[in-house]
1. Only one of these is closer than 30 Å to A:Leu236 by Cβ and part of a helix (DSSP H, G or I): B:Ser509, B:Ser477, B:Ser482. Name it.
2. When region B:561-593 is examined, which residues are found to be of a type outside the set (Val, Ile, Thr), in a helix (DSSP H, G or I) and more than 12 Å from B:Phe439 (Cα to Cα)?
3. If A:Glu215 satisfies all but one of (1) away from chain B (no Cβ under 14 Å); (2) surrounded by fewer than 23 Cβ atoms within 10 Å (Cβ to Cβ), what's the number of the condition it fails?
4. Here are some conditions: (1) in contact with a Lys or Arg (Cβ under 8 Å, 6 or more places away or on another chain); (2) surrounded by fewer than 17 Cβ atoms within 10 Å (Cβ to Cβ). B:Lys21 meets all but one. Which one does it not meet?
5. Take the residues in region B:363-377 that are crowded, with 18+ Cβ neighbours inside 10 Å and either within 14 Å of chain A (Cβ to nearest Cβ) or among the basic types (Lys, Arg) (or both); name whichever of them is nearest to A:Gly251 (Cα to Cα).
6. Within region A:250-297, track down each residue that is within 12 Å of chain B (Cβ to nearest Cβ), over 26 Å from A:Tyr29 (Cβ atoms) and among the small types (Gly, Ala, Ser).
7. Residue check, B:Tyr905 against (1) outside the structural domain of B:Pro968 (by TED's automatic domain parsing); (2) modelled with pLDDT under 80; (3) not in a helix (DSSP H, G or I), all met but one. Which one?
Amino acid sequence: MATKTSNSTKSLYQSYIIEEYHLKQEPYYVPVGDEIQLFEAAYAQRIPVIFKGPTGVGKTRFVEYMSWKLGVNLTKVKKGKKSENATQQDNLPLVTIACHEDLTASDLVGRYLLEGDQTVWIDGPLTRAVKVGGICYLDEVVEARKDTTVLIHPLTDHRRMLPVEKRGELLEAADGFLLVLSYNPGYQSALKDLKHSTRQRFVSIEFNPPPREIEAEIVSHEAKIDIDIAMQLAQLGEKIRNLREHGLGEGASTRLLIYAGKLIAAGIEPRRACQVAVNWSVTDDQSLQNSIEEVTASIFE
Amino acid sequence: MNNKKKTNFNKILKTLPPDVKDQFDKSRPHLEEYLTGDQFRLWVDSGVQIASQSNSSWDITVNLFRVSPIMTGLLKPDDFMKWLNVGEDLACQYPMLGTAYFSSSPAALHNMQAEHISDWADLGSNLYKGTWKSGTLSNRFFESSGALLEQLTFEELARFAEFIDILAKHSYDLSSECLSLALRLFPLVGDDKTGFISLSLNLVETGWRQLKAFYDSSLKSLPKIDPSQRKRFLGLAERLHTSGVPNMPNTILEISQALQLINKREHGQLLDIAAPLIDLHPSAFPEFIKSSPIVLNKVSFDKLDSWCAEGKRLLQTNPDGAMAFFKIESSRSEKFLEDISSSVDFSAISNLIELYCRALAGEEINLADSRELVEKNIGWVAADSPTTEGSTVYLPETVDRYSKKSQNFLWYKVVSTHQVGRMEFGSFRFNFYGTSHRFDNLRNALDNKTSEIAGSNVSAATDIQRFFNLFEERQLSLDIFSIVEDGRVDAKIKDEYKGISKGYKSIQSDALALRPNVRELKSREALLELLVQISLGETQPISVPKKYKTQALNIVKIARHCMNAQSTVEDTAEATIRIYRILIDVLNDEVDEDDWDPLDFEDESSEGDNFSDPEGLQQSLDSMGSASGDDPADTLEENYNSPQEVDYRGEFKPELTQLLEKLREQGQFRDGDNDSESITQEMMEEFAQNTVELSQELNEGVGSITNDEVVENMLKEVGLQKPESLEGGQGPLVHIDETGGELEADEPETFVYDEWDFRAGDYKPRWCIVRQKYMAEGEDAYYGSIVQSYGNLVMQVRRQFELLVPETMRKQRRLQDGEDIDIDDVIETMVDIKTGSSPNEKMYWRRNKVHRDVAVVFLLDTSASTAEAIDDSKSINDQSTAPEDPVEYMLWLRSRRGEGSKRTYKRIIDLEKEALILLINAIEAIGDTYGIYGFSGYGRENVEFYTIKDVDELFSDKVKRRIDRISPLHATRMGPAIRHSTSKLASLDARTKLMFLISDGRPQDRGYSREGVEKEYAVHDTKMALDEARSKGINPFCLTVDRNGHDYLKTMMTEMGYEVLDDIHALPHRLLYLYRKLTT
């Protein structure tokens, strides 16, 4: 979750007010399919989106990329036509909230805090996104408590409203606001599935590990290693994913491959790098580790 | 005087039966000549004297007269007289022995000094104790003496007679049996007869009853042992015996059986290693020898020594552990053996490699022992070479090619990589109309031509078959295709898997070293061999017949063009057509020694990707397949032999594999609609007729199986796999000897578990088989009747349990941070601040989710002892439990009758069942995950595990019916049942995991023991199993209705939950109470 402190201090560390955070540089993203067009279309129509897919395939990177891309367009449009709304951000803000088991509705909406001898209302991140009209990205949403759905539902249909119960308010979402959820259908148990009433308020974009060539390109770029090694890493990733049905909860993510690539770039011997960054990260099972070890040994010299 | 005397004899002899006279007359001339007159007279006198002893003793005389002439040849006259005297004395004293003495003499004296004659007679007569039996024995002794003396010195004979004598005190029959066994035994014993006899003597003192068995087993075992080691063997046997090893005869038999499996020349060495064990721990010696063949299968002799040394070290600290070690029944032993051995077993690596293969191929690949494929009889024949049939990689059972383990493992890895490579890189996905990227397509044109000629309208079953149909010489085309394709796969693997390519190359060069010498082959075979060696990456010049040098170069060129990472299987097919075309023109004739020329093809390799068919080839390719195409090599075809297989590649049968795959697909869609063209009977027949992949091994003479049978087997393999019957019956018991080794779970629904041997302090690896079955179903009326009979209690319990269900959210106050501020706390804090005392900052509250997350397994002991009646007189009236509903009542009544007896008493198991039903009722109310299982069994290979309700199964009428059928069965082997339940619980995702063990008595089973420590062994294993459960976060609880339970439960359940019920009737109530307590 982004930092909660509202007062920004400039000197020692970089700190953003939640709703003001936006990407300044183009994030690196290589499209695998038509996801960019889809998202653009959905955003244009303000249809909420769900990203489905295993960890580390670029869901978060994609939402960052899209917020940047849409933000750039936004800026262009504004500069070209009307510039009356000066308080509006030039870019599209991105509010990312990592959901966890104890994330409650008030964590999203806001709460009263005690300050000296009075209470002060603090807006939650969702409220801020609604107000400012940015993309609110709820990562791993199934982890959150069920009461959060109370908030999600009115925001995601034609109403586009956020009820702020404690203050007796009903907030209308600003124009640029879009709710994006991500979830990983693979590893959550059936208990933690999304309810249909929730799911069916979104369009779903599926993310899967990219094909070997694209993945190699990504790894090569991110880890700054040459494409040959990146190809081998991508090959390893592909092979490990083959084991998904055999006791491996999830295959090696692109992120892990990038880590391995970075270690290699830093001078770690490839097999060792894969061992610590990939093999030991994907599983604790000894026999699986051994098998992956052999696969690694087959691929890397 | 002489004459007178003579007539005297005659007169006396005439009074005797005529036989005597006859014999006398026969022997007389010889004797008269040999003896002096006096001596002769004494001879005759003796005869007469003996004959006059009794009515029947004339018979002895006859024998005396009969053997005398023979004896004269063996003895000097003086000794002869001595022999005669001894004989006369013996015969007069013990007429019963006379005949034997005389008639055995010739044989005996053949090997005996004359001075021993009287001693010999004494030996024999000593055995005679005046009874008929002892007489017989004594006679036996005399009769055997000759044969015995062939083997023994006289002193040894004397010791042996002593032995016989002592043994006879116990039993005459035994004694004479041993005597006759000894006749056969002594030739086997070797030099040390004395040792053997003293061992026998020793045995008489300590365990004469075993003697016969000992002799018998010696007779069987000695031939198995190296003659030079037999003496040593017997010596060791004696030491074993004196040090008190029980059941010696059997032991030596077992030892010898083990020795038989080992090269005789190595017996000495083995005994060298083993002998010191006797001093340390006598019973370790036989165990060590018995295990040694297994150990030697894996390691060499010097390693055996270090294995033994490890055992010895263990002996000093933990004798029981050491025994298990020597029996290879402990994990430690296995591990040590594994560490020192260089060979790699399939079983040890199968899991690892299987996952490896799956990762590589991305398919459900299985791994199996090559023998399994051969046993299926669907066309593969080599049991020790790797292969694949498209879905399974078959590997040889064990590999010991290299002296280092890592290299052997590498071999396995390379082999499986190659086999998987065939799948990954599409060897079996050949598409006849697929495009080849590196060659021009000749297939289709050729196909048109051949089908015109053949006019055959049966379409090929598979693409690859269609391809091979193009060729006249099918075998040749298959050989070329296999080599080129394997070469292509190798190239692809080396390109794709850089890491393994080094190891791969080394295996390839090892394979190259094993190739036959080209110069010994005929021309066509030589060119094929050239192809093989190229495919293995040979870079040195290879000899080729001079006159075929251009052809050879062309082959190299084509092959090189195909065997690289860019090619596909279709390219292989194109290359095959071309090489075939070249080779078909090469006569397979012998080549003279001088007609060979080394072909240096190194420079060809840099040709790059530009490839065009060699000149001249184009035309001949065009002519191929046309009507009466010139077939010059026709006549020589008979002599053609396929090249020797490359060991790491193994058998390659693309045609069979593709067919199998297609059949499999067909099998899958059998019920649904299947659009793809299916394989017809005719296709199969056509296939069986044409393919060379089958006829190959038929020529090799592997059994009498025909192609049709193979086809049948194939069909069986793919389609008609009968589902294993789920009949939960209490099936027949298979008995496996307790002393056997590890077990394998080869059937579905069987699981293997280790067992804890507390003495050895180690696990016995893979020791028990748990067979999981569903309990058979009975009537569900039983369930209803119980619920009814407990009526009130059921309701009460249900209500109590419902109270257990927690609210999903519980408000938690006084937190540092939370959902919201708690007004009360804030006011308090404000008051604190105003009054100046330090404020409490915890004033937030939040709702906490509290969910009940319980998984529980009930393990019900259904051993025979639960059939015990509960000793109470107030037998429950059957009628009172009868259901009121008429239909249910009828069912209930029938089921009662079905059980055969009208029980008016309750058994322990009945109460267990009742308690269970109440519990189910209660648990259903709160929705916990639960499973109910019964266990019993007989022996370690038959731990029956009956599913009454599986943990992931919903409660249903089925479950009700199964409960009805719970009934007492066999013994109680708790350990494996607990381990199996543990594994079930461990796979569940729940916060509280509980294992409820409901039993009636202590764990006991046949062989759930070591000698004499049965109880402790079982108890310790059970304890260990429960400890394992705890370490996996499972909370075990034992509830027992055994009144003596305290004895063993205490040791077993230290710091674990347990309870012994004094009053069995309390079981249902108590169980419910405990469940409630334990889960909240």
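The values are calculated or read from the model by the stated rules, or taken from the named source; none is laboratory data. Everything quoted here is computed from the prediction, not taken from an experiment. Reconstructed Cβ throughout: ideal geometry from the backbone, glycine too, with neighbour counts over all protein chains shown.
1. Values: B:Ser477 fails: closer than 30 Å to A:Leu236 by Cβ; B:Ser482 fails: closer than 30 Å to A:Leu236 by Cβ.
Just one listed residue meets the conditions, B:Ser509.
2. Residues of region B:561-593 that are of a type outside the set (Val, Ile, Thr), as a first pass: B:561-567, B:570-571, B:573-575, B:578, B:580-581, B:583, B:585, B:587-590, B:592-593.
With the extra rule that they be in a helix (DSSP H, G or I), the set shrinks to B:561-562, B:570-571, B:573-575, B:578, B:580-581, B:583, B:593.
Hits for region B:561-593 are B:Tyr580, B:Arg581, B:Leu583, B:Glu593.
3. Exception for A:Glu215: condition (2).
4. (2)
5. Per the criteria, the residue is B:Ile365.
6. Listed by number, the residues that qualify are A:Ser287, A:Ser291, A:Ala297.
7. Exception for B:Tyr905: condition (1).
Let's see how each residue does on (1) within 14 Å of chain A (Cβ to nearest Cβ); (2) touching a residue at least 24 places away in the same chain (Cβ under 8 Å); (3) polar (S, T, N, Q); (4) in contact with a Cys (Cβ under 9 Å, 6 or more places away or on another chain):
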position	(1), (2), (3), (4)
B:Asp339	no, no, no, no
B:Asp345	no, yes, no, no
B:Ala348	yes, no, no, no
B:Gly379	no, yes, no, no
B:Thr388	no, yes, yes, no
